[in-house]
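Bear in mind that the values in this text are calculations on the coordinates, not laboratory data. Since the model is a prediction, treat every value here as computed from it, not as a measurement. We place every Cβ from the backbone using ideal geometry, glycine too, and count neighbours over all the protein chains shown.
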Amino acid sequence: MKTRPSLPWPLILALGALALVRPLLRILDARTGFDSPTSLPLIVTLVISAVWVAAVALSRTARPVLTLVLAGLAYAVFSILLSGLLSPLLDGELRGPLATPIAIVPVLTINAAWGLVTGVLALLVQRGALQRA
């Protein structure tokens, strides 16, 4: 009977937390009135994606796709909780997915898909690195 390798939960949670840079930058942008480039969210997302792929590929995680799908889901949960904590403080009322629960499923789905795409990329990087070795 084969046992599957355990999932790297510290890595999954750390990568999910790293992605909180996205909403935190958006909050900072809105609060400071700084006129950031419209491309900034895309650039930040691409940088986070590259870090996710590199971290999982270079650590030779046994199940990179599942690891990054779970990182995407962790980020979704963290961002929903962050929105629930900060929106009453910053806006005076609850906003975001917790205020509109029907939005929770799309948030989870989109971020799981983000993890799926980056997980497939990490798997391809791992396979390419193994073939060269």
Query raised in the report: Checking S39 against (1) among the polar types (S, T, N, Q); (2) surrounded by fewer than 19 Cβ atoms within 10 Å (Cβ to Cβ); (3) within 20 Å of P101 (Cα to Cα), which single condition isn't satisfied?
Result: (3)
Query - Scan of the range 1-27 for residues that are surrounded by 12 or more Cβ atoms within 10 Å (Cβ to Cβ) and either of a type in the set (S, T, Y) or more than 26 Å from R63 (Cβ to Cβ) (or both), ordered by number - result: P23, L24, L25, R26, I27
Report task. Tell me which residues, restricted to the range 83-133, are more than 19 Å from the chain's Cα centre (by Cα) and hydroxyl-bearing (S, T, Y). Result -> S87, T100
Report summary line: (1) buried (at least 17 other Cβ atoms within 10 Å of the Cβ); (2) basic (K, R); (3) more than 27 Å from R127 (Cα to Cα) all hold for R63 apart from (3)
Query raised in the report: Would a scan of the range 69-82 turn up a residue that is of a type in the set (A, V, I, L, M, F, W, C), within 18 Å of A19 (Cβ to Cβ) and more than 17 Å from the chain's Cα centre (by Cα)?
Result: no
